[in-house]
Every structure is written in structure tokens, then in C-alpha cells.
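Bear in mind that the values in this text are calculations on the coordinates, not laboratory data. Given the structure is predicted, the values throughout are model-derived calculations rather than measurements. Every residue, glycine among them, receives a Cβ derived from its backbone with ideal geometry; neighbour counts consider all protein chains shown.
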Amino acid sequence: MKAKVVVMLKDGVLDPQGEAVRHALGALGFSGVEGVRQGKLIELDLADGTTETEIRDMCEKLLANTVIESYRIEV
Amino acid sequence: MKAAILVFPGSNCDRDLAVAFRNAGFDVQMVWHKETGLPDGVDVVGVPGGFSYGDYLRCGAIAARSPIAGALKSHADRGGYVFAPCNGFQILTECGLLPGALIRNAGLKYICRTIALRVEETQSVFTGGYDLHQTIRIPIAHHDGNYVADDEALARLRGDNLVAFRYVNTPNGAMDDIAGILSPNRRVLGMMPHPERAAEAAHGNTDGTALFTGVARALVSA
């Protein structure tokens, strides 16, 4: 089975890379880009039967730093 | 007096840190990240700068979960001294030994230069050799030194005087100009600047020396 984990900086944590991308889009003439947040997509190839609880545990222990990041699991 | 310097794949300030501790009078042993214990009788553990595990996932994230990390945490829990510059600071926040996190510099650039730091707290063995509010010059070399923490953690750092160093002119966007912080028992110091790179005459700057001699003095008189 496969699972995807999307890790994003929490709202309220300044994302300097997202800001730089927003400025670059503006410089290319794309008007109206009001915000850009950049995150990570992690694909997991898992043994069948791996539970969402286990994936959540992986996120809490390693994949996300919950001090600054939030995560979303897509199975 | 014994110091142990942890070495991860990608550490690059481990030998600088070893020399600084040795010059302060320590017997220094290097400890590979795959070890699960520290040598007997270690007084201080150095967690060096560099790019442990290539900064993969997040700076310090993988090192913080490596086999030696458990021994590092036990050492700190027992009240042992830990000094962690640069990537070491990132590793300690990832371990949960210090609060907050270090994210990409606000200006997105890797910054490598000598900057001015203000000593904000002298009640620790690391900073006791400085005068309160003294300005010292110490090199920085990092891409992810932008310190962030939630309001509660920041309030605790300020309220308990655990901010050891602040930048005079913050180069990286760090909240509250924070360059280095102490643990509640004041025996763990994490900081982005590199005192070990300003610790002997050949460096052209010895402003960092007092940090290492301070730890040595505390152990001798203990």
C-alpha cells in the first residue's frame, strides 16, 4: 500500500521560501498571487495493513517537526 | 575533565570543537553516531556544527533520532553539560532538549561572516566568563538559523533569563534576536554562532575562548 504525507509550515510560521516564490511569480507577470506556502510531499511505500495510527506515529516522531509544521496523511 | 564530541556523517566542526575543549584542558573523545553510549565519566558533550545527514528532511532531524541521541538525552537528564553550536543547536531542538526550531534564514541566503553578539545571561558555566551585556564577535555560518518558538516558549525563555546570546543586528530573522538559549537547569547551551572558530590566536579572534574555559573552571571547582 502507498500513503502520502503532506508536511506544511504551520499557519503563522513565516515561510521565507514561499514568499520568495510569490515575489518571483509577480516578477513573471502573474498578478493576483496573494500567498504561496511551500511544503513537502513524502510518499511512503508500506506493508499492507499498516494502520493510519502507525503512519501518524511516523509523522509525530520524524516526518514532521510539530513545533513548526503540520501534516496531512493521504492513504 | 572529560569531553565527548559526537560525530555524525556530515559533521564538519567536530574537530574544531575538540581542539577548543582540549585547549581548555579537557580529555576529548570523539563518539560516532552509531554508538549507543557515551564514554564513562563524561562531563560535557559537544554536539558539533556541520550538515549532519546532509540536512535531509530537516536540519538535525535525522541526527536527533540516531543511536547516540538516547545517550545524549540521558546525559542531559542527569544534569550533564551539553554545548551545541550551529547544527548542534538544530539537533537539540529536534531532540526536544531545547524549545523552538530553526528555520530557513529570512533572507534565504546562507550567511558566513563574523557578527556581534550581546551576552544576555551570565548565570551559566558557558557564559559566566563574560560580562553581562558585553558585546563579543563570533562567526556564523548557516542557512537555517532563524529561531522560531511559540509565544509560551518565548515568554518562558525571557522570564527565566534563558536567552544566553542575542544578535546585535539580527542577520537571519530570528525571533527576539535570539542567537543562543539555555535549558532550564542552565547546563545545556545551543547557539547558532561558532565560538569554537574564535578560540585561539591563530583564528584572529579569541572572543569564544571564555566559553570553553568557563566550563573547565566550573568542573575544577566542583
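As a ratio to 2.2 N^0.38 Å, the alpha-carbon radius of gyration for the protein assembly as shown is 1.04. Summing +1 for each Lys or Arg and -1 for each Asp or Glu among the other residues whose beta-carbon sits under 12 angstrom from that of B:GLY80 gives +2.
Give, as a single signed number, the net charge of other residues whose beta carbon lies under 12 Å from the beta carbon of B:CYS13, with Lys and Arg counted +1 and Asp and Glu -1. Residues near B:CYS13 contribute -1 overall. Each of A:VAL6, A:THR50, A:PHE30 was scored by the projection of its Cα onto the charge dipole of region A:2-74, and the greatest displacement toward the positive side belongs to A:PHE30; charges sit on the C-beta of Lys, Arg, Asp and Glu. Candidate cross-link partners of A:LYS40 among the aspartates and glutamates, defined by an alpha-carbon separation under 12 Å and a same-chain spacing of 8 or more, comprise A:GLU69.
What's the center-to-center distance, using Cα atoms, between region B:20-63 and region A:17-75 in Å? When both Cα centres are located, 30 Å separates them. The alpha carbons of chain A stretch over 48, 25, 14 Å along the principal axes, in descending order. Working note: Cα atoms of region B:1-148, range along each principal axis, descending, whole Å: 41, 38, 25.
Counting neighbouring Cβ atoms within 10 Å and putting the fewest first, the residues B:CYS95, B:CYS59, B:CYS112 line up as B:CYS112, B:CYS95, B:CYS59. Legend: mean number of C-beta atoms from other chains within 10 angstrom of residue C-beta atoms, peptide A:7-20, equals 3. Peptides B:83-94, B:199-210, ordered by how many other C-beta atoms sit within 10 Å of their residues on average, highest first, read B:83-94, B:199-210.
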